[in-house]
Structure formats: C-alpha cells, structure tokens
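Asker: A single structure is presented below for examination.
Nothing in this text is a laboratory measurement; each read-out follows from the coordinates by a stated rule. Here the structure is a predicted model, which is why all the values come from computation and not from measurement. For neighbour counting, all protein chains shown are included, and Cβ atoms are generated from backbone atoms with ideal geometry for every residue, glycine included.
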Amino acid sequence: MSKPIVKIAAKPAMSPTGKRSKPSTPKPPVAKSAKSAKPNIAPAKAMSKPKQGVERKTLHPRNLHAHGYDFSALMTSYPKLKTFVRPTPYGALSIDFADPLAVKTLNAALLKHHYGLAFWDIPKGALCPPIPGRVDYLHYLADLLFEGAPVQRAGQVSVLDIGTGANGVYAILGHQVYGWQFVASDINAESLANVQRIIDNNPSLQGHLSLRQQQDEKSVFKGIIQASDRFELTLCNPPFHGSLKEASEGSLRKVRNLQLNRGEQPKAASATLNFGGQAAELWCQGGERQFLATMIRESQAFAEQCLWFTSLVSKQENLKPCYQALAKLGVDTVKTIEMQQGNKITRVLAWSFHSQAKRLQWRNQIVSGT
C-alpha cells in the first residue's frame, strides 16, 4: 500500500516588513504507480509581490544582507573598495553593478568583513556570484537539515558542492557560517586551481574543503561520490543555458536591464561583464532541465550515502519534469523552497530517499555530536 502524501510547507522568508508571503506555486504532481511509494511533497511558498515603497529584498531571516550593504563599514574593512563607491542620486552609497571589477571588489569586501576571509579572487571571465543570494541557499539548507530543531554550527556535517566554479563561494560560505566540511567538485581544472589558491591563502579554510575534478561531462555524481563518502547535503547551481549563444544573450539582457533601471539608454556591452562565466558555469547541452534530469537519475545510486539531495531551479517550468522523475524513483520526500532576491525568484528543489524517522535520527546524531 502506498504512503499517504504528507504536505509539509516550507517556511517562506520574512519580508523586511515582517509579513509572511502568500503561496502561489501549484502543488507538484505525484506518480500514480502503485508499485512505488508516493513521495511526500512539500509545495513551495511563493513570495508576495512587493508594494510600492517597500524594499524588494526578501532574504532569509538569518541573512546578514537583508537590509543592503553598509558601504562605509565595507570600505573600512577593505579599502580597495573605495575606488568604486559613489554617491547615488538618493544620497546613499553604491557601486556600478555593471562593472565587473567593482562587483568582484565588493564580493571580496563582503567576504572579508562579514565572513572573515583574508583573500578571495577569481580569474577574468569567471562567474562573479552575488553573495546575498548564495548564502541564502545555505541558510535554507541549514533549516532543511535540522528539520525544526535549532540551527547550529556543526563541524561534522559534510556537504557536496556540485559545480563549485572558480569562485568556490558555496563551500567557502558554508564553512565560514556553519562550520560544515565540503567536497567541492567541478569539471574545469582551472576553476579548481583557483579555488585551491583561495584555500591556500585562508588558514580558516584549510583542512575543511577538498576538491575533486569531474572527468565525464555527462555525469554529475558518478566519478565524484566515493564508496566511503557520507553526505548530509548536496547542493548545486546548475548551468542555466543550453548553448553559448543563449548564455551570451542572457548576460547582455541583464546588463541592459541594469542600465534601464538606472535611467540610462542601453549601450552595446561585452557579454562577460560581471555576469561573465566560463562555459561550464553558464551552459551545458540541454541546459538546466537536462542537467537536473541527470542529477535526479544518478541520485538513486547514492541514496544511502546522502541524506538530502538539493539543487537550485531557476526556471519554474523545469519543476514538473523533476517531480515526475522523482516520483518514478520512489523517493520518500520532495520539498520545494522558493527564494527571492530583488526581482529574481529561484527555487531550491530538495529530495530524500530516507524516511522522516531516519532523517530525524541522522539529525539527532548531528545535534548530539555523535
């Protein structure tokens, strides 16, 4: 007899006004096959649209960046940022977010001021990620892992970062904020070499982040997860686009939107800018949908070694095929957590092959330190 569906709604982030958002994401479909247990699927909670005059950011309550950047404090911690900071027409301080060097310098300042990182740098053309959005994903993963128990730093938690890129930000933030141990993987040897350079220049990271190169571009977990591995979490920000042309057009579109938001006439610009990224970071054959399909299919082989598999899903239309694939595998629980940073909405898709009782037993071992 199949299991009943227990719908456990993921808690949405609080808005700056303290109001909770309203759900709008439709309930995901469940496989009708009687041969496998139906997964417990928790629908997403959608963020309400911001009203005029209300700050648009709706970050996780533990996110240090929920109320913007203190540029004065950042410049004190990281004087190199002063070169790029300018007053806005509204009397505040900011940078030109279409300037790749300005954005990279802001990231270095944020990582030093808030997260104690002595050194961080990326090569030209590498993806320069927004820190608030990256750390938001980690905060929601901490909530997922502790399942209602108070979230705490836990050095015995092991996390697999799929596609860490040249910036290594998820692994860096995950360790600095929560003390987690990371295996960070990527298909690009140069990206991993840069992450190793960051590790070598930060004593706080040494011994806590290990790097593995994926040799097969068609695999996600295969070739990375070893027989002795045991992960509480996996995380991933999949390549969004299906081709280099599509990736370039997307980058230019973001630049034009920035210019329009500043009241400027759109100008011709390089597609790299601060939205640049090496090929593996931005696109893959089949795009996000195909990457997620491969990840879900391969996860079954490592079900006993991983408590929670998770991934960002940028395109909402990619959720339905993911739900269908997960139902066919007979996973126990699927959760979708919606996140919003400014105008951008993305989702964390999480699934586990373990029953709630086993997950709580695993969690209790983390809490007790055993």
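Asker: Using the Karplus equation 6.51 cos²θ - 1.76 cosθ + 1.60 (θ = phi - 60°), what ³J(HN,Hα) coupling, rounded to whole Hz, does each residue of the range 219-227 give in order, writing x for Gly and Pro?
Answerer: 10, 10, 8, 4, x, 10, 6, 9, 4
Asker: I would also like to ask the following. What list of ³J(HN,Hα) values in whole Hz, one per residue of the range 137-152 in order, does the Karplus curve 6.51 cos²θ - 1.76 cosθ + 1.60 (θ = phi - 60°) give from phi, with Gly and Pro shown as x?
Answerer: 3, 5, 5, 5, 5, 4, 4, 4, 5, 7, 6, x, 6, x, 6, 9
Asker: Another question about this same structure. Exposure proxy check: 182, 291 ranked by fewest other beta carbons within 10 Å?
Answerer: 291, 182
Asker: Please list 3J(HN,Hα) in residue order for the range 70-78, calculated via the Karplus relation 6.51 cos²θ - 1.76 cosθ + 1.60 where θ = phi - 60°; whole Hz, with x for glycine and proline.
Answerer: 8, 5, 4, 5, 5, 5, 5, 6, 9
Asker: Taking H as built 1.01 Å from N, whose amide H comes closer than 5 Å to the amide H of residue 308, not counting residues under 5 places away?
Answerer: Those qualifying (amide H under 5 Å, at least 5 residues apart or on another chain) are 233, 234.
Asker: Now, a different point. Cross-link list 104/222; 124/218; 82/344; 112/218: which exceed 31 angstrom alpha carbon to alpha carbon?
Answerer: Flagged as over cut-off: 104/222; 112/218.
Asker: Residue 212's amide H: which non-local residues (gap 5+, or another chain) put their own amide H closer than 5 Å, with H modeled 1.01 Å from N in plane and none for Pro or chain starts?
Answerer: Under 5 Å from the amide H of residue 212: 184, 185, 186.
Asker: Here is a further query. In which sequence would 315, 112, 124 go, from the one with the fewest C-beta neighbours within 10 Å to the one with the most?
Answerer: Ranking 315, 112, 124 by Cβ neighbours within 10 Å, fewest first, gives 124, 315, 112.
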